[in-house]
Amino acid sequence: MIRNRRDVIGAALATVVAVAGLGLAAAPSAWAAGTAPRTAGDFTATGVRIHSDSFSGSPGLGEGNRGDGLTFYRATEGEYVADCGNDQWALITDNRTHVHGWVSVCFIHVNG
C-alpha cells in the first residue's frame with residue numbers, strides 16, 4: 001500500500017516537473033489565455049479600463065496606467081470604439097498589477 005502511494009506521488013511530481021519544463025507553470029496567465037506572451041508594451045493613458053471581454057460593457061477588472069508596462073498576447077475584433085476608429089482589442093496583462101484582460105488597442109503601445 002505504501003509503495004503504491006509513493007508511485008502515485010512520484011508520477012504526480014513528474015507531471016508537475018514536466019509542465020514546469022514546458023514553461024506552462026511559469027506563466028499561468030499566458031497558459032490560461034491559450035497563448036504564450038508575445039511582446040511587451042505600455043499603456044498610453046492613465047486609467048485605461050481592463051475588461052473581461054472585448055467590449056466596453058463587459059465587467060471591468062482593473063485599470064492600467066502609463067508606466068505599468070504590459071504583456072501583449074493577441075488582438076481580436078471586438079466592439080467598435082469611435083474615438084479610436086477601429087474595433088481591435090488586445091488581450092494583455094498589466095505588469096504592475098497582474099490584471100489580465102482586454103483593452104482597446106488605441107490605449108496601448110506594443111514594442112516591435
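Rule-based calculations on the coordinates, nothing more; no lab input. These figures come from a predicted structure and were not determined experimentally. Using ideal geometry, Cβ is built from the backbone for each residue, glycine included, and neighbour counts are taken over all protein chains shown.
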Ranking of S58, S52 by count of other Cβ atoms within 10 Å, fewest first: S52, S58
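Using 0.36 nm times the number of residues separating V110 and D83, minus their current alpha carbon distance, what extension gain do you get? Before the final figure, lay out each step's value.
Values: separation 27, 0.36 × 27 = 9.72 nm, distance 1.90 nm.
Length difference between fully extended and current span is 7.8 nm.
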